[in-house]
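S.K.: I have a structure I would like to understand better, so I am pasting it below and will then ask my questions one at a time.
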Amino acid sequence: MFVQVTLTDQRQATMLAFEQALERTSVVEEAWLLSGESDYLLKVLIPEGDSYERVHREILSALPGVMRLVTQLTLRTLVAED
């Protein structure tokens, strides 16, 4: 599952606070800083027995500076690295 994150602003302090909090988040497997409409793209893994609703509400939405989250579910992998 991928989540696009838009922050409230792109000030260095806002981005640094978000990135530092992200490093302490166990559900984010990979993260990228983007140019364009969203600021970050997160690859999120939901632990077995957990729900995305809880992760969204209690973890991702609680990260500092988050204004909007857009979730994208993958249906199948077409190309993957070896």
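S.K.: Among Leu42, Leu63, Thr8, whose Cα lies farthest out toward the positive end of the dipole of segment 2-72, if unit charges sit on the beta carbon of Lys, Arg (+1) and Asp, Glu (-1)?
M.R.: Result: Thr8, furthest along the dipole toward the positive end.
S.K.: So what's the back-of-envelope 222 nm ellipticity for the chain, counting only DSSP H runs of four-plus at -39500 (n - 2.57) apiece and dividing by all residues, rounded to 500?
M.R.: Per the formula, -4500 deg cm²/dmol.
S.K.: Further, regarding this structure: Suppose every K and R has +1 on its Cβ and every D and E has -1 on its Cβ; what is the size of the dipole of the chain about the Cα centre, in Debye to the nearest 20?
M.R.: Rounded to the nearest 20 debye, it is 260 debye.
S.K.: If eta is 0.692 mPa s and T is 37 °C, what Stokes-Einstein diffusion coefficient results for the chain, Kirkwood Rh from Cα pairs, in µm²/s? List each step's numbers first, then the result.
M.R.: Working: Rh = 13.4 Å.
For these conditions, the coefficient is 246 µm²/s.
S.K.: While we're looking at this one, here's another question. Give, as a single signed number, the net charge of other residues whose beta carbon lies under 14 Å from the beta carbon of Ala17, with Lys and Arg counted +1 and Asp and Glu -1.
M.R.: Net of charged neighbours comes to -2.
S.K.: For Asp39, what residues show an amide H to amide H distance below 5 Å, using hydrogens built from the backbone and excluding near sequence neighbours?
M.R.: Val5, Thr6, Leu7
S.K.: Multiply the residue gap between Ala13 and Leu78 by 0.36 nm, knock off their C-alpha separation, and tell me the result in nm, one decimal place.
M.R.: The Ala13-Leu78 span can extend by a further 19.6 nm.
S.K.: What residue among Ala62, Ala13, Ala31 has the largest mean-square fluctuation in a Gaussian network model of the chain, using Cα springs under 10 Å?
M.R.: With Cα springs under 10 Å in the chain, the top fluctuation among Ala62, Ala13, Ala31 is at Ala13.
S.K.: Further, regarding this structure: For the Cα atoms of the chain, what angle does the longest principal axis make with the long axis of helix 12-23, in degrees from 0 to 90, nearest 10?
M.R.: Helix 12-23 sits at roughly 30 degrees to that axis.
Rule-based calculations on the coordinates, nothing more; no lab input. Just so you know, these numbers come straight off a predicted model, no measurement behind them. Cβ coordinates were reconstructed from backbone atoms using ideal geometry, including for glycine residues, and neighbour counts include every protein chain displayed.
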